Amino acid sequence: MSVTTDIQDDIAIIQFDDGNKNVINHELLDDLESAFDQTERSNAKVLILQGREGSFCAGYDLSVMVGDDPKAASRLGQRGGNIARRIYGSRKPVVGLSQGHAFTIGAIWLASCDLAVAEDGPYKYGMVEVALNVPLTGWALAPVQAKLHPAYHTKALMHAHVFNPSDAQEAGFIDQLASSGEGLNSALNAAENLAQLPTEAYYQTKLALRQQTLSAMDKHLG
């Protein structure tokens, strides 16, 4: 597992890459938390969260999430939720960059970003918890319910539909769709534009707009 942090002037990039599909486990979450700590202490004005090429995030480690220990599944799930809360309420704007598939917690992290950029390609996006016999409730539901267009709530969240990139954009999982190979440039351009906005005014407006969803997340994350 590799989590790298690159801070140059106003923009910080956190990239996570397990060399495979970016399956979320405690090791990755340890490194992500440290990377967020570092970028929050820095003078960077905007953060880009980037997965690996081909797979932004395949979701949680299923051996834990559908295993025989519900407490272990809850611990892992809550830690992923804390990252989502951190993204959604970040003082600095967060740009998500997906260059591949995004499922479950990966889709939640993208939905929690201020702006989600994705590359076009043969990629899939989806909240498939119900199909895995996992109810989608509480903190996990809050940010995607807020981000997705209401007409897609049933299809995406209850029916576990899997979307291609253009349909994922229409549903609201992502905000900008870039041509193959152009995702990073698009994310950097978006980050540069966000860096021009006054930080405190941006943050206070974010809190005002997102207070209800943040409160719902806090209620369940503890």
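The values are calculated or read from the model by the stated rules, or taken from the named source; none is laboratory data. Owing to the predicted nature of the structure, the values given are computational and were not obtained by experimental measurement. Glycine gets a Cβ as well: all are built from the backbone with ideal geometry, and neighbour counts include every protein chain shown. The protein model used for the area step is the full one, side chains on, heavy atoms only, and it has no ligands, DNA or RNA in it. Shrake-Rupley method; radii C 1.70, N 1.55, O 1.52, S 1.80 Å.
Can you tell me the length gained on complete extension of the stretch D17 to Q211, counting 0.36 nm per residue apart and subtracting the Cα distance?
Full extension from D17 to Q211 adds 66.7 nm.
Quickly estimate the mean residue ellipticity at 222 nm for the chain, helices only: each DSSP H run with n ≥ 4 gives -39500 (n - 2.57), and the total goes over all residues, rounded to 500.
The helix contribution divided over the chain gives -14000 deg cm²/dmol.
Can you tell me the order of 40-51, 93-104 when each peptide is scored by its average per-residue count of other Cβ atoms within 10 angstrom, highest first?
The densest-packed peptide leads the list: 93-104, 40-51.
Of the options A44, Q212, L184, report the single residue whose Cα projects farthest towards the positive end of the charge dipole of the chain (beta-carbon charges: Lys, Arg +1; Asp, Glu -1).
So the residue we want is Q212.
Give the accessible surface of the stretch 114-194 per residue, rounded to a whole number of Å², with probe radius 1.4 Å and ligands, DNA and RNA excluded.
Roughly 47 Å² per residue, with all protein chains present.
Starting from the Cα gyration tensor of the stretch 1-95, take the square roots of the eigenvalues, sort them a ≥ b ≥ c, and report rounded, prolate or oblate (rounded when a/c is under 1.5, otherwise prolate if a/b is larger than b/c, else oblate).
prolate
Quick one: length gained pulling Y203 to R75 fully straight, 0.36 nm per residue minus the C-alpha distance?
43.2 nm
Through the Karplus equation 6.51 cos²θ - 1.76 cosθ + 1.60, θ set to phi - 60°, convert the phi angles of the stretch 173-183 into ³J(HN,Hα) values in whole Hz; use x for Gly and Pro.
Ordered by residue, 3J(HN,Hα) equals 4, 10, 9, 10, 10, 9, 5, 3, x, 10, x Hz.
With labels modelled as points extended 7 Å from the Cα through the Cβ direction, what inter-label distance (nm, one decimal) is found for A160 paired with L62?
For the pair A160/L62, the computed spacing is 0.9 nm.
Return the subset of K124/K219; K147/K219; K71/K124; K92/K155; K92/K147; K124/K155 for which the Cα-Cα distance in this structure is over 23 Å, preserving the input order.
With Cα atoms farther than 23 Å apart: K124/K219; K71/K124; K92/K155.
What is the Cα centroid distance between the stretch 174-221 and the stretch 153-168, reported in whole angstrom?
Cα centroid to Cα centroid, the span is 21 Å.
What ranking do 20-28, 108-116 get when scored by the average of other Cβ atoms within 10 Å per residue, highest first?
Taking the mean over residues of other Cβ atoms within 10 Å, the ranking is 108-116, 20-28.
At a threshold of 8 angstrom on Cα-Cα distance, excluding pairs fewer than six apart, so keeping six or more, what relative contact order does the chain reach in percent?
For the chain, the relative contact order is 20 percent.
Where a Cα-Cα gap under 18 Å defines reach, which aspartates and glutamates qualify for K206, not counting those fewer than 8 residues away within the same chain?
The qualifying aspartates and glutamates are E40, D114, D175, D218.
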